[in-house]
Amino acid sequence: MSFWDFFWLMIWAFFFIAYLMVLFQIVADLFADRSLNGWAKAIWITALVLIPWLTALVYLITRGKGMTERQGAAAGAQKRAAEDYIRSVAGGNSPAEQIAQAKTLLDSGALSQAEFDKLKAKALA
């Protein structure tokens with residue numbers, strides 16, 4: 001195998017892998033899109049099997065904007081879920097806020113000094 005054979009093999013492999021990535025993105029987007037009914041999804045999938053290059057190009061041109069919006073919405077939902085999880089694990093407040101709340105309870109008489117010291121140590125740990 002000469003250098004140029006290997007070179008062209010790598011070029012074609014790159015384009016094939018890029019095409020597969022686009023194809024999988026399209027299929028994932030089809031199933032994530034709630035505005036399309038089942039028949040429309042079946043037609044798109046059938047067209048992707050029969051005329052893959054042309055169908056992928058047409059799909060990206062006609063439905064690319066909606067595809068971007070759905071991916072952005074999914075990313076935003078994942079970010080919010082991660083932030084909610086982090087807040088729930090961290091207790092929802094910073095240590096300074098926890099100490100300030102405990103101090104308010106101490107001043108109102110709801111906590112004893114020993115309980116306040118315990119909460120303060122826990123917040124700072």
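The values are calculated or read from the model by the stated rules, or taken from the named source; none is laboratory data. This one's a predicted model, so the numbers in the text were calculated from it and none came from an experiment. Note that we place each Cβ from the backbone using ideal geometry, even for glycine, and neighbour counts take in every protein chain shown.
Among the residues of region 106-123, are any small (G, A, S), out of contact with any helix residue (DSSP H, G or I) (no Cβ under 8 Å at 6 or more places or on another chain), within 30 Å of Y19 (Cα to Cα) and modelled with pLDDT of 85 or more? No: zero hits. The condition (being part of a helix (DSSP H, G or I), out of contact with any Gly (no Cβ under 9 Å at 6 or more places or on another chain) and more than 30 Å from K118 (Cβ to Cβ)) is satisfied by just one residue among A82, A100, A96: A82. Evaluated against (1) in a helix (DSSP H, G or I); (2) of a type outside the set (S, T, Y); (3) surrounded by 10 or more Cβ atoms within 10 Å (Cβ to Cβ), A110 falls short on exactly one condition, (1). Determine if region 48-66 includes at least one residue that is part of a helix (DSSP H, G or I), touching a residue at least 40 places away in the same chain (Cβ under 8 Å) and either in the same structural domain as A125 (by TED's automatic domain parsing) or surrounded by 12 or more Cβ atoms within 10 Å (Cβ to Cβ) (or both). There is no residue in region 48-66 that is part of a helix (DSSP H, G or I), touching a residue at least 40 places away in the same chain (Cβ under 8 Å) and either in the same structural domain as A125 (by TED's automatic domain parsing) or surrounded by 12 or more Cβ atoms within 10 Å (Cβ to Cβ) (or both). For region 29-47, filtered to residues that are surrounded by 14 or more Cβ atoms within 10 Å (Cβ to Cβ) and not charged (D, E, K, R), the residue that is farthest from E69 (Cα to Cα) is A47. Is it the case that L30 is in contact with a Lys or Arg (Cβ under 6 Å, 6 or more places away or on another chain), in a helix (DSSP H, G or I) and within 25 Å of G72 (Cα to Cα)? Taking the combined requirement at face value, the residue satisfies it.
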